[in-house]
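The values are calculated or read from the model by the stated rules, or taken from the named source; none is laboratory data. Here the structure is a predicted model, which means the values were calculated and not measured. Methodologically, a virtual Cβ is constructed for each residue, glycine included, from the backbone with ideal geometry; neighbour enumeration extends over all protein chains shown. Accessible surface areas use protein heavy atoms only, side chains included; no ligands, DNA or RNA. Shrake-Rupley method; radii C 1.70, N 1.55, O 1.52, S 1.80 Å.
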Amino acid sequence: MIARAAAVAQPVETGETWRAGVAQSARQRLFGWSREMAAQRRQMERGWTAALQAGGGISLPPPEYPVAQHLADGGGFRIPAGLEDHLPQVARAFFDDRVVREGWVYLRGFGYYAADAQMYLPGRTPAPGRRFAAIQRRWPRYAEFARPLAEPAAREPAGWYAWLAWLAFLESAVQDVCTARWSAAVLGHGGAAGVLDEVLEGLGALLAEAAWNRWQPDGCPAGPCEPATWAKRATALTADARIPEVLREVARALEGPEVAADAVRAVREGDVLWQIAAVAQTRWLALAAAHPGAPVLLVSEAFGAMAAGPVLAGMLPSGQRGRVRLALARGSVHEEEMARVSGTAWRTGSLEADGQVVVHLDDSVFTGRTHAGLRRALTGMPAAVYLVPLTLDVGTPFNHPEEITALGRGVGEHLAGLETALRAVGGALPPAPSLWARRQGSRPSPRRRQRSGGSAGGGVRAGGGRLGPAAGAAVAPLRPGGPRCLTARARPRQPKCR
């Protein structure tokens, strides 16, 4: 599903192009980034698995199915097909479009992304209003299922599959709010946008609480966790009487013949929960220490990471959450080049940032032009401005170095500057490569592939583990049911704050 959307951006170049365009030193830097990101993921996987085991609040799955294998490539959760009956009956009813593929059941079905034009064959894409109508029809189900899905997940200990179902339910609600919020921004409906921002913040806090705060070891900074309130809060948010009216308002505006196809979107590459948790673990403490007490403007890039800010804010300790203001921006550029969003789509006007520490959350980074756009939109004198992407594009510099050199700098110079910006918060790179980060190289012969046991093109590799788009394979969207994660072979460590 997500792989099809990502494939639109996948460049095709010959091996000679990247050899001519990227110097050896730049290639080595990219390879080093890939190795470092893979090591970081393995460390997180071991630490998080140990914390879940030690916490006791959630019953773990059978040992033959390690914890991290339940993370689906591109985001969301999956369960072994042979254990599908372990899902609560109410979860099976809610996820009625779940997908079964190669021995796994995926809780994100086609409906999760169906509002996006990229999910359809050319010439067969429903009109924007028709795609948005699916959100309207689906919304009442959230209030109907909130309590029966929340209550099993709130038990102590919670069953593993009941817990995953609750997280997937919250992700689905967040997804539909994000779809509506994008349309409200495109249409310029400020009243609708305000309601949706409020609901998104509440749902993001619930998701952070259930997915992250619940199992953090004592002494590790995390937000509040009150499972007994989940059912009531989720029901109140999803049954808010303002939402159906907002959806009707947006739907009416989308019916016009002049509405662009991209006025309704549902595919966001930053829709990967564990990558947001990685930011909370690897970046926030350093940022808070560098700017004690300073107000923080947490800006989510709307195209790829709209929900990242609300979810990350929910993971922060109460004392830290109070200093954070959430904002939404769009400075992204590459989707127009990929024919995914027209040049007429909305852009951020201005954001007041005087005296604030600005943290720009994006799904990925390549040229840095999106972040440059955000900086231009800031007004006043910010205390500091940081770029914090969820992933790092290590493939496109090989495939399209001309996009870097067109900016007036060499590839090596650009990568060095980008690395400085990325390490400015916590000294760490993002934990994962972008979904489209496959280096396109010359294709070796089948005999050479058989000898090497590798993938075609000698691709930039992501390393092992299910945390990330690859598990010991070339960096690209993987087939479900890929290689077993390294957690299966790792000796659990005592949980620590890292």
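Given R0 = 22 Å, the distance between the Cβ atoms of Arg138 and Phe110 translates into a calculated FRET efficiency of 0.95. Here each label is just a point 7 Å from Cα along the line to Cβ, and for Arg155 and Glu245 those points are 4.0 nm apart. Computed packing ranks the peptides 80-88, 230-238, 208-216 as 208-216, 230-238, 80-88, most packed first, by mean other Cβ atoms within 10 Å.
Measuring nothing but protein heavy atoms, the accessible surface of region 40-195 at 1.4 Å probe radius is 53 percent carbon and sulfur. Both radii come from the Cα set of region 219-376: Rg as radius of gyration, Rh as Kirkwood radius; their ratio Rg/Rh reads 0.99. Annotation: per residue accessible area for region 253-323 equals 27 Å², rounded to a whole number [probe 1.4 Å, protein chains only]. Region 262-317 and region 131-150 have Cα centres separated by 25 Å. When a/c is below 1.5 the answer is rounded, else prolate if a/b is larger than b/c, else oblate, so apply that to region 201-278 with a ≥ b ≥ c taken from the square roots of the Cα gyration tensor eigenvalues. Taking the square roots of the gyration eigenvalues as a ≥ b ≥ c, region 201-278 is oblate.
Model label points for Ala228 and Ala372, set 7 angstrom from Cα along the Cα-to-Cβ axis, are 5.5 nm apart. Our estimate of slack between Ala81 and Ala383, defined as 0.36 nm per intervening residue step minus the Cα-Cα distance, is 103.6 nm. Centre-to-centre separation between the Cα atoms of region 346-399 and those of region 26-92: 29 Å. Considering only Ala305, Leu316, Leu254, and ranking their Cα positions along the charge dipole of region 238-384 that arises from unit charges at the beta-carbon of Lys, Arg, Asp and Glu, the one farthest toward the positive end is Leu316. A viscosity of 1.567 mPa s and a temperature of 4 °C, combined with the Kirkwood radius over Cα pairs in Stokes-Einstein, give a translational diffusion coefficient for region 20-166 of 70 µm²/s. Nearest 0.05, what FRET efficiency do Ser25 and Arg147 give at R0 = 51 Å with Cβ-Cβ as r? Rounded to the nearest 0.05, the efficiency is 0.30. Of Pro157, Val177, Gly188, which is farthest towards the positive pole of region 127-197's charge dipole, taken about the Cα centre with +1 and -1 on the beta-carbons of Lys, Arg and Asp, Glu respectively? Looking along the dipole axis, the top candidate is Gly188. Run through region 59-122 and list the trypsin sites (Lys or Arg not before Pro) located in a DSSP loop whose Cβ has at most 15 other Cβ atoms within 10 Å. Qualifying residues, ordered by number: none.
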